[in-house]
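As structure tokens, the structure follows; a few thoughts come after it.
The values are calculated or read from the model by the stated rules, or taken from the named source; none is laboratory data. Quick caveat, the model's predicted, so the values are computed rather than measured. Using ideal geometry, Cβ is built from the backbone for each residue, glycine included, and neighbour counts are taken over all protein chains shown.
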Amino acid sequence: MEHDDLATISDIERRSYDFPWSHGVFRDCLLAGYNCIALERGNEVVGYGILSVAAGEAHILNLCVDPVFRSLGYGARILDEMLSRARYAEVKQVFLEVRPSNVNAITLYRKRGFHRIAKRPAYYQAREGREDAEVFSLKLEDAD
């Protein structure tokens, strides 16, 4: 992901979520040196992922595929790239939060070996109040 991708990525984010990240959040992730991945099909960004790595752990902060390009395996490709980068950084465990309503994402995470380890009550903004977050974890030595 490069600065020039941020307008497209912000557009995908807005079309994907009721409460999207701002352009500034993506910019800050780049500036902070997070692993920021933009998956392209030809010259078009079709999805992205943000991975934070520190102290032997990684946290998947965002993974999104343009609604037009969903169900084509792009989410799996982005996730696999993030896990590859985590392994390269000698990460032992990867964490993420996901809405329980995001069944497709949960299915993908489970296919890659993630396990639910906790729930964060009222973690996400929702159209009517708040929505819990399911916390998932993957021990990379178990996934190999």
Exercise. Does G47 meet the test of being small (G, A, S) and buried (at least 20 other Cβ atoms within 10 Å of the Cβ)?
Worked result: yes
Exercise. Limited to segment 18-44, what total is found for residues that are exposed (fewer than 14 other Cβ atoms within 10 Å of the Cβ) and among the hydrophobic types (A, V, I, L, M, F, W, C)?
Worked result: 3
For this session: Just name the residue that is surrounded by the most Cβ atoms within 10 Å (Cβ to Cβ) out of those in segment 64-76 that are in a helix (DSSP H, G or I) and either in contact with a Gly (Cβ under 8 Å, 6 or more places away or on another chain) or modelled with pLDDT under 95 (or both).
Result: G75
For this session: Residues being outside any strand (DSSP E or B) and either within 16 Å of A86 (Cα to Cα) or modelled with pLDDT of 95 or more (or both): count how many of those fall in segment 24-55.
Result: 12
Exercise. For segment 45-70, how many residues meet the condition of being free of Cβ contacts under 8 Å to residues at least 24 places away in the same chain and more than 13 Å from the chain's Cα centre (by Cα)?
Worked result: 3
For this session: Can you work out which of the residues in segment 1-17 that are in a loop (DSSP other than H, G, I, E, B) and within 16 Å of the chain's Cα centre (by Cα) is surrounded by the fewest Cβ atoms within 10 Å (Cβ to Cβ)?
Result: Y17
Exercise. Is it the case that R127 is within 19 Å of D18 (Cα to Cα), surrounded by fewer than 12 Cβ atoms within 10 Å (Cβ to Cβ) and charged (D, E, K, R)?
Worked result: yes
